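Engineer: Starting off with a structure, shown below.
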Amino acid sequence: MLDIDKELKRGIITENPILILALGLCPSLAVSTSAHNGLGMGIAVMMVLAITNVIISIAQGWIPSKVRIPCYIVIIATFVTILQMFMKVYTPTLDRQLGIFIPLIAVNCIIMARAEAYASKNNPLRSFVDGIVMGLGFTLALVLLSVLREFLGNNKIFDLLVIPGFQPMTVFILAPGGFFIIAFVMALVNIIKSKKETKAKT
């Protein structure tokens, strides 16, 4: 039986793709300049992750081990292409804003890591849940980074003015600011995790 609480904790906290495993940092830096972009990219990755996990889990017995990685890439790229077609039709603005980072989901190390480490070794239900919880963890972390960067860099969150009169610091929506925010949040998470582990031992 699946323990949903345990699975959610694993995806969001203990094995968070960005903040703990440090996977997918390149697209995280590139798209986290606004909360809309962060949320859109997070949901897109979660959808691809959940669907491809299921397909890879079902097909694991038919894929020769020597060509498993190329097969995984083909499966992932197929669903990324379908997703981008839907985005071009239903969310064209978001599709333009995310640009090249939508097709690059096909080689996102988060999706490849889950395909290799989890989906290829578990049943479709567990693989689907893994895709959802890991995708949710990625989405929440990406939205957190995006909110911080959009607020500090533009004084806005989801394009809404936050503090009238506050002077935003443009550096935070540029690459150096993105590195600083990710480093700060990851350091904070590690400090909290370390304190909890120390407390549990005493």
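Engineer: Tell me the label-point distance for the pair residue 121, residue 188, using the 7 Å Cα-to-Cβ offset, in nm and rounded to one decimal.
Structural biologist: With each label point 7 Å from Cα toward Cβ, the separation is 3.3 nm.
Engineer: Determine the relative contact order of the chain: mean sequence separation of Cα pairs under 8 Å and six or more apart, normalised by residue count, in whole percent.
Structural biologist: 34 percent.
Engineer: Now a separate question. With equal scatterers on the alpha carbons only and no solvent term, can you work out the Debye log10 of I(q)/I(0) for the range 9-69 at 0.19, 0.22 1/Å?
Structural biologist: Values returned for q = 0.19, 0.22 Å⁻¹ are -0.88, -1.00.
Engineer: So, one more: Quick one, could you list the DSSP H helices from the chain stretching 20 Å or more along their long axis (Cα atoms) with average Kyte-Doolittle hydropathy of 0.5 or above?
Structural biologist: Flagged H segments are 35-59, 68-90, 124-154, 175-201.
Engineer: Oh, and also: If you take the alpha carbon radius of gyration of the range 120-174 and divide it by 2.2 N^0.38 Å, what ratio comes out, to two decimals?
Structural biologist: Rg over 2.2 N^0.38 Å, computed on Cα atoms: 1.70.
Engineer: Residue by residue through the range 17-33, which ³J(HN,Hα) values in whole Hz follow from phi under the Karplus form 6.51 cos²θ - 1.76 cosθ + 1.60 (θ = phi - 60°), with glycine and proline marked x?
Structural biologist: Calculated HN-Hα couplings, in order: x, 8, 7, 10, 7, 6, 9, x, 6, 4, x, 4, 5, 6, 9, 8, 7 Hz.
Engineer: At 222 nm, what value in deg cm²/dmol follows for the chain if DSSP H runs of at least 4 each add -39500 (n - 2.57) and the sum is divided by all its residues, to the nearest 500?
Structural biologist: Mean residue ellipticity, 222 nm, calculated: -22500 deg cm²/dmol.
Engineer: Which of 79, 158, 128 ends up with the largest GNM mean-square fluctuation for the chain, with Cα atoms connected below 10 Å?
Structural biologist: Top of the fluctuation ranking is 158.
Engineer: Calculate, axis by axis, the spread of Cα positions in the chain along the three principal axes, and write the results as whole Å, longest axis first.
Structural biologist: 61, 55, 27
Engineer: In units of 2.2 N^0.38 Å, what is the alpha-carbon radius of gyration of the range 63-168?
Structural biologist: 1.37
Engineer: Right, next: Given H placed 1.01 Å from N in the peptide plane, which residues other than close sequence neighbours of residue 157 have an amide H under 5 Å from its amide H?
Structural biologist: Amide H to amide H, under 5 Å and 5 or more residues apart or across chains, residue 157 pairs with 162.
We did not get these values from a lab; they are worked out from the coordinates using the rules stated. Owing to the predicted nature of the structure, the values given are computational and were not obtained by experimental measurement. No Cβ is skipped: glycine too gets one built from the backbone with ideal geometry, and neighbour counts run over all protein chains shown.
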